[in-house]
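Enquirer: Take a look at this one; I'll ask things after.
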Amino acid sequence: MNTYEALASTVIIGKENRLLSYDDSLQLVGTGRSAFVFKIKSTDKAMKIFFPRFTHLAKEEGEIYKILQGVSYYPTIYYIGKNYILMDFIDGHTLFECITYGEEITMEHIKEIDYALALASARGLNPSDIHLRNIFITSKGEIKIIDVARFRQEKDCVQWDYLKKAYQRHYVKAYFPKKIPAFILNTVAYLYKQELIPFYRE
Ligand SMILES: Nc1ncnc2c1ncn2[C@@H]1O[C@H](COP(=O)(O)OP(=O)(O)OP(=O)(O)O)[C@@H](O)[C@H]1O
Ligand SMILES: [Mg+2]
């Protein structure tokens, strides 16, 4: 068993994907719908450990990261385990965090995200699941995109187009608050998913 395998095996996930315990050298930095993400303390690496029902995504996401290697907008992948992947830890804030902290998202950032997604398309991928928690602005002001597990799906994802429309129609306007509490942002996302905000579906 290698060190990473040993470390991954300390992460115990219980019923309903409750995180029960993990090694002291791990720091929980994020939770998604399919995984917990830890920083390995005193390194610059992150370990994404999939919930038991989603372990098959480790191979899928890992392989997609391999296709994207060399494109600076995506983290480097170091190892693909049975239920986890090891990649660069990204020091920064997701767009979701930027909005809740009132950190400005500029038109330059939006253009760079478009470019990063175009580079993935140029490698034969179909960027999908592009939402506010899957895009980072790093502490150096660079864009990084994570959570690429669905980049090989065939169905086209329109989330990023809708987010861009929302950015252009609302966020850039002077009246629009540049700092929005997380619960309001979550409520808007929820209403949108329930198709109760029809505006961008036109
Ligand atoms: N390499 C990383 N460096 C730093 N933080 C990360 C990294 N990867 C993920 N995170 C944090 O963990 C969260 C969950 O990770 P991720 O999006 O990969 O999980 P997921 O379960 O696939 O998500 P989703 O709910 O979007 O399907 C992210 O939103 C982010 O805040
Ligand atoms: Mg995610």
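Just so you know, all these numbers are worked out from the coordinates, no wet-lab data involved. Everything numeric here is computed off the predicted structure, so don't read it as measured data. With ideal geometry, Cβ positions are generated from the backbone for all residues, glycine too; neighbour counts draw on all protein chains shown.
Enquirer: Nearest 20 debye, what's the magnitude of the dipole of the chain about its Cα centre given +1 on Lys and Arg Cβ and -1 on Asp and Glu Cβ?
Expert: For this selection, approximately 340 debye.
Enquirer: So how strong a dipole does segment 1-105 carry about its Cα centre when Lys and Arg Cβ are +1 and Asp and Glu Cβ are -1, to the nearest 20 debye? Walk me through the numbers before you get to the answer.
Expert: On the way: 11 positive and 13 negative charges, 99 e Å.
Here segment 1-105 has a charge dipole of around 480 debye.
Enquirer: Continuing with the same structure: Taking 45 Å as R0, compute the FRET efficiency from the Cβ-Cβ separation of His56 and Met107 and round it to 0.05.
Expert: Given R0 = 45 Å and the Cβ-Cβ separation, E is 0.75.
Enquirer: Ala189 to Asn126: extension gain in nm, 0.36 nm per residue of separation minus the Cα-Cα distance?
Expert: Using 0.36 nm per residue and subtracting the Cα-Cα distance, I get 20.4 nm.
Enquirer: With charges only on Cβ, +1 for K and R and -1 for D and E, what is the dipole size of segment 92-201 about its Cα centre, in debye, rounded to 20?
Expert: 180
Enquirer: Which residue, Ala120, Gln27, Leu196, has the largest displacement toward the positive end of the dipole of the chain when charges sit on each Cβ (Lys, Arg +1; Asp, Glu -1)?
Expert: Leu196
Enquirer: Between helix 56-68 and the chain, what is the angle of the helix's C-alpha long axis to the longest principal axis, kept within 0 to 90° and rounded to the nearest 10?
Expert: So the inclination is approximately 70 degrees.
Enquirer: Relative contact order of the chain: what whole-number percent is it, with Cα pairs under 8 angstrom and at least 6 residues apart?
Expert: Once normalised by length, the contact order is 15 percent.
Enquirer: Taking only Cα atoms, what is the 0 to 90° angle, nearest 10, from helix 182-193's long axis to the longest principal axis of the chain?
Expert: Tilt of helix 182-193: around 80 degrees.
Enquirer: Sticking with this one: Report the gain in length on full extension from Ile12 to Glu142: 0.36 nm times residue separation, minus Cα-Cα distance, nm rounded to one decimal.
Expert: 43.4 nm
Enquirer: Give the lysines reachable from Lys178 as a straight Cα distance under 18 Å; neighbours fewer than 8 places away on the same chain don't count.
Expert: List returned: Lys164, Lys165.
Enquirer: Could you work out the relative contact order of segment 92-201? I mean the mean sequence separation of Cα pairs under 8 Å and 6+ apart, divided by the number of residues, in percent.
Expert: Once divided by the residue count of segment 92-201, the mean separation gives 30 percent.
Enquirer: Given springs between every Cα pair under 10 Å in a Gaussian network model of the chain, which of Asn186, Asn126, Asn134 has the largest fluctuation?
Expert: So, out of Asn186, Asn126, Asn134, the one fluctuating most is Asn186.
Enquirer: Using the charge dipole of the chain (Lys, Arg: +1 at Cβ; Asp, Glu: -1 at Cβ; taken about the Cα centre), state which of Ile143, Val37, Ala6 has its Cα farthest towards the positive end.
Expert: Farthest along the dipole direction, towards plus: Val37.
Enquirer: Follow-up question, since we're still on this one. Could you tell me the center-to-center distance, by alpha carbons, between segment 128-202 and segment 7-65 in angstrom?
Expert: 24
Enquirer: At what distance in nm do the modelled label points of Ser42 and Lys178 sit from each other, each positioned 7 Å from its Cα along Cα→Cβ?
Expert: 4.0
Enquirer: For the chain, with equal point scatterers placed on the C-alpha atoms only and solvent neglected, what are the log10 I(q)/I(0) values from the Debye formula at q = 0.10, 0.12 1/Å, to two decimals?
Expert: Log10 of I(q)/I(0), two decimals: -0.45, -0.65.
Enquirer: Test of understanding: in a Gaussian network model of the chain with alpha carbons linked when under 10 Å, which of Lys165, Lys66, Lys48 would top the mean-square fluctuation ranking?
Expert: Lys165
Enquirer: If one takes the longest principal axis of the Cα atoms in the chain, at what angle in degrees, from 0 to 90 and to the nearest 10, does the Cα axis of helix 107-122 lie?
Expert: Result, in degrees: 50.
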